[in-house]
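Visitor: Could you have a look at this structure, given as structure tokens, before my questions?
What follows draws every value from the coordinates through simple rules; no lab data is involved. What you see is a predicted model, and the numbers here were worked out from it, not measured in a lab.
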Amino acid sequence: MVSAAAPPAAAHDGDRHHQQRPRVEISRVQADSPGREDRSNRSLNGEWVEIRNTTRNPVNLRGWTLRDSDGNRYRFDNVRIGSRATIRIHSGNGRDTRTDLFQDRRDEVWDNRADTATLREDRGRTIDTKTWGRRR
């Protein structure tokens with residue numbers, strides 16, 4: 001399958017009804033991996049979700065989850081996101097660093113045309129969502 005590269009998904013905040021900015025937010029989503037989607041590790045790591053800490057204090061994401069509309073779930077281990085820092089969660093395999101985490105999957109997670117990324121804290125409360133496209 002060959003697909004055209006798409007810019008990171010725009011933040012559609014239709015699900016965010018509150019005015020207060022979350023401490024941690026989904027800042028960007030690259031659902032459509034640039035180049036050819038061939039399930040290679042390079043292609044899988046070309047799709048990612050970026051999480052940003054909007055505060056002056058580090059936040060521990062231990063037990064938090066990131067999900068798509070189909071129920072695929074990534075659970076954070078003992079991950080600290082620094083003050084005003086961002087981290088990217090890639091779909092493929094790799095070595096976790098301060099700025100990049102890897103789900104170690106062998107298939108795409110994010111639907112290029114329409115999906116929702118949901119970030120939940122360790123007690124299951126939704127922290128932020130990003131939606132793009134229209135689901136049928």
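Visitor: Give the long-range amide H neighbours of Ala85: residues separated by 5 or more places, or on another chain, with amide H under 5 Å away, using H modelled in the peptide plane at 1.01 Å from N.
Guide: Counting only residues 5 or more places away or on other chains, the set is Asn53.
Visitor: Next question, about the same structure. Just from the alpha-carbon atoms, what are the Rg and Dmax of the range 82-136 in angstroms?
Guide: According to the Cα coordinates of the range 82-136, Rg and Dmax are 13.3, 39 Å.
Visitor: Rounded to the nearest whole Å³, what is the per residue volume of the convex hull around the Cα atoms of the range 16-105?
Guide: Hull volume normalised by residue count: 107 Å³.
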